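Derivation of every value follows stated rules applied to the coordinates shown; laboratory data play no part. No experiment lies behind these values; they were computed from the predicted model shown. So basically every Cβ, Gly included, is an ideal-geometry build from the backbone, and we count neighbours across all protein chains shown.
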Amino acid sequence: MADDITTRYREARARVKETRERLLITRRQIADQTIDKVAGGRVVPARINFQLVRTLTGHSAKIYALSWAGDRIVTASQDGRLIVWNAMTGAKTHAIKLVCQWVMTCGLSPSGQFVASGGLDNVASIFNLKNKRADKDGHIPPSRMLAGHKGYISCARFVDDGSILTSSGDQTCILWDINRNTRVKTFGGPDDPSAHQQDVMSVCLQPRSADVFVSGSCDATAKLWDAREPGGAIRTFVGHTADINAVQFLSDGFTFGSGSDDGSCRLFDIRTGHQLITFADNNPALQHADYPMCVTSIAFSASGRILLAGYSNNLCYAWDAATGQIAANIKNHSGRVSCIGTSADGYAMATGSWDNNLRIFAPSHAPMPRAGA
């Protein structure tokens, strides 16, 4: 009996896979236009001159992640610390020593009161910056330790001060209730045929609804999820040929970008599932057979016209989302650009690197981000 059920289950999964592949072929056939083709010569390519506004030093090892909310930036480093910075002044407001040195991600709550970290300990740690119970060295203990993933924590994004979404090397995402220290819902897993088949590397919440988010995985797909839906992923997006390291929604909530180890960034429409445009620098001088140019992180300008992408070859490109052309090439780091963030008002961007430095840039015509923005 058990063998018969297993056989039928495998046959059903095979039929689902075959149907999905046929749908993808049909989708590609009807997707006969991309943004850059439609724009043609009717859109003037953007050109931006970024200036370095500030270099923030303090980490003694590679910076792996950053998060920017209001006038605060939090960075996570292989030195085993989180540093919270005042983005306006560059001053360090908090230095948090982590239980696990091998941190991979950090998050900052919308209010700026809470920060999160996660890494190879498989735990999402939450810190309250208003906690007065610091140790003799001034370190803040975690107020919550969210344990439940069976693999490393790759990404952590606050929904609000009381809940957070995490992704993991165990191929799942989990929504947590921070106050109750419990999981609300798990997305994916071995019993979900729509789940990711490899490590989930990034998640991003939709600006229009905190119940909706997109995930990117080492299986080269991105998936759309809705916490209100009882089933699995509601849409799968294909096109990349290698690990997806970063996903990010535009402000409209209907379009998201992705960055991959295949060296490209792509835009997708969540309503149709279609790929809208590909951003890739095919300059052979930048490619190396043993060390390909990988996209590590992405972010968007407030308008969505500019896609910012960090690369493993120490570069940061600003892509014109309407034409697919490079609007700026930023060469200020001596190590991999591992993370990118933008201020809420769209006036500035921050880049973190394996050279241990955090740098803040702004277009030459723009002021610094407003306090509290």
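Numbers below:
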| read-out | value |
| --- | --- |
| Phi-based couplings in Hz for region 69-82 (Karplus 6.51, -1.76, 1.60; Gly and Pro marked x) | 9, x, 9, 10, 10, 10, 10, 10, 10, 5, 6, x, 9, 9 |
| Highest-fluctuation residue, A246, A147, A134 considered, GNM on the chain with Cα pairs under 10 Å | A134 |
| Normalised per residue, the volume of the convex hull around the Cα set of region 251-364 (Å³) | 103 Å³ |
| Dipole moment magnitude, nearest 20 debye, the chain about Cα centre, only Lys, Arg, Asp, Glu C-beta charged | 740 debye |
| Cβ-based charge dipole, region 63-134, positive-most Cα from G118, C100, W85 | W85 |
| Sites matching trypsin sites (Lys or Arg not before Pro) across region 78-158 that sit in DSSP coil, with at most 15 neighbouring C-beta atoms within 10 Å | K130, K132, R133, K136, K150 |
| In order through region 3-19: 3J(HN,Hα) via Karplus (6.51 cos²θ - 1.76 cosθ + 1.60), integer Hz, x for Gly, Pro | 5, 5, 5, 4, 5, 5, 4, 5, 5, 5, 5, 5, 5, 4, 4, 5, 5 |
| For region 196-301, size of Cβ-based charge dipole, Lys and Arg +1, Asp and Glu -1, in debye | 360 debye |
| Trypsin sites (Lys or Arg not before Pro) within region 186-257: DSSP coil, no more than 16 neighbouring Cβ in 10 Å | R208, R228 |
| Order of I244, I270, I73 - criterion: other Cβ atoms within 10 Å of each residue's Cβ, fewest first | I270, I73, I244 |
| Gaussian network model of the chain, Cα within-10 Å springs - most flexible of N122, N181, N314 | N181 |
| Relative contact order of region 194-256, defined on C-alpha pairs under 8 angstrom at six or more residues apart (%) | 33 percent |
| Trypsin sites (Lys or Arg not before Pro) lying in DSSP loop within region 290-348, provided at most 15 other Cβ fall within 10 Å | K331 |
| Other-chain or far-sequence residues with amide H under 5 Å of L276's (modelled H) | L267, F268, D269 |
| Extension reserve of the K92-F254 stretch, reckoned as 0.36 nm per residue once the Cα distance is removed | 54.7 nm |
| Proximal charge balance of T93 [Cβ under 12 Å; K/R count +1, D/E count -1] | +2 |
| Label selected from (1) 22.6; (2) 25.2; (3) 20.0, the criterion being mean projected area of the Cα convex hull in nm² as computed here | (3) |
| Top of S202, S168, S251 by mean-square fluctuation, Gaussian network on the chain, Cα under 10 Å | S251 |
